[in-house]
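What follows is one structure encoded as structure tokens, with my remarks underneath.
The values are calculated or read from the model by the stated rules, or taken from the named source; none is laboratory data. Since the model is a prediction, treat every value here as computed from it, not as a measurement. Cβ placement follows ideal geometry from the backbone for every residue including glycine, while neighbour counts extend to all protein chains displayed. Heavy atoms of the whole protein, side chains included, go into the accessibility calculation; ligands, DNA and RNA do not. Shrake-Rupley method; radii C 1.70, N 1.55, O 1.52, S 1.80 Å.
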Amino acid sequence: MCAGFPDFRLGTVLATSFTGTLSERYGDAVERIPTPHRLVDWLAVYGLAVDSCTTAQLELARGLRESIHAAATAAAIQDALPASAVQVINDCSAQGRAAAVLTPEGKRRWGLSSASCVEDALSVIAADAISIIAGERDGKLALCASPTCQAAFFDTSQSRTRKWCDMNTCGNRQKKARFNANQRKKPRSAE
């Protein structure tokens, strides 16, 4: 990725991957889309290429990200969805012009026209969030067990008991911390 910026944490679910552009929310937060150009980069990775992004569009994207996070978190703990978050998600979903496209492999992807703007890409992300939060997809919303992360993620594992948003980051960090704590508890052998 671009030098000077933190790497993207890529997942297979668009909406929850988008919320991952702000990680470690309850620790030392890491903003992975700090500039408009960085949002353009992230959208391109997910096949939602746009030519440019303004500061206002970046703020709109961050607002959608936080609304998805709030609604997904509420859904994961089976709490009432925040009305303001639902409104932002619905507004973003309705603003865009995107079309579902069937690939030769029989998969659905979203197509943006060559004149697409950030709002069109955000409408795709909002629509994905709606399908997940509404329970239309096979899987379960869960929260990362890391106390500094607590990101909402979509668990599609067979048992639906995944604990970490990403095993390579939060899971490994927690396992390493547990290992180190256990090592400190062991008495040192005489040498």
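Taking amide H atoms as placed 1.01 Å from N in the peptide plane, the amide H of Leu141 lies under 5 Å from those of Asp155, each 5 or more residues away in sequence or on another chain. To the nearest ten degrees, helix 36-45 and the longest principal axis of the Cα atoms of the chain are 90 degrees apart. Among residues other than Met167 with Cβ under 13 Å from its Cβ, the summed charge is +4 (Lys and Arg +1, Asp and Glu -1). The alpha-carbon positions of the chain define a convex hull whose volume is 170 Å³ per residue.
The local environment of Gly111, defined by Cβ-Cβ distances under 14 Å, has a net charge of +3 under the rule Lys, Arg +1 and Asp, Glu -1.
Converting phi to 3J(HN,Hα) with the Karplus coefficients 6.51, -1.76 and 1.60 and the offset θ = phi - 60°, segment 122-135 yields 5, 5, 5, 4, 5, 5, 5, 4, 4, 5, 6, 5, 6, x Hz in sequence order, with x at every glycine or proline.
From its DSSP helices (H runs of at least four residues, each -39,500 (n - 2.57)), the chain gives a residue-normalised ellipticity at 222 nm of -13500 deg cm²/dmol. Based on Cα atoms of segment 104-191, Rg over Rh with Rh as the Kirkwood radius reads 1.22.
Axis of helix 83-95 versus longest Cα principal axis of the chain: the two differ by about 50°, to the nearest ten degrees. Here the Karplus curve 6.51 cos²θ - 1.76 cosθ + 1.60, taken at θ = phi - 60°, turns the phi angles of segment 47-57 into couplings of x, 10, 5, 10, 6, 8, 8, 9, 4, 5, 5 Hz, with x standing for Gly and Pro. Dimensions of segment 95-136 based on its C-alpha atoms, expressed as ranges along the principal axes with the largest first, amount to 32, 28, 9 Å.
Just so you know, the averaged projected area of the alpha carbon convex hull for segment 50-132 sits at 6.1 nm². Amide H contacts of Arg32: Leu22, Ser23, each under 5 Å away and 5 or more positions distant or on a separate chain (H built 1.01 Å from N in the peptide plane; Pro and chain starts excluded). Overall, the accessible surface of the chain at a probe of 1.4 angstrom is composed of carbon and sulfur to the extent of 52 percent.
Count Lys and Arg as plus one, Asp and Glu as minus one, and take only other residues whose Cβ is under 13 Å from that of Gln158; the net charge is then +1. Calculate, for the chain, the solvent-accessible area per residue in square angstrom, rolling a 1.4 angstrom probe over the heavy atoms of the protein chains. Per-residue value: 56 Å².
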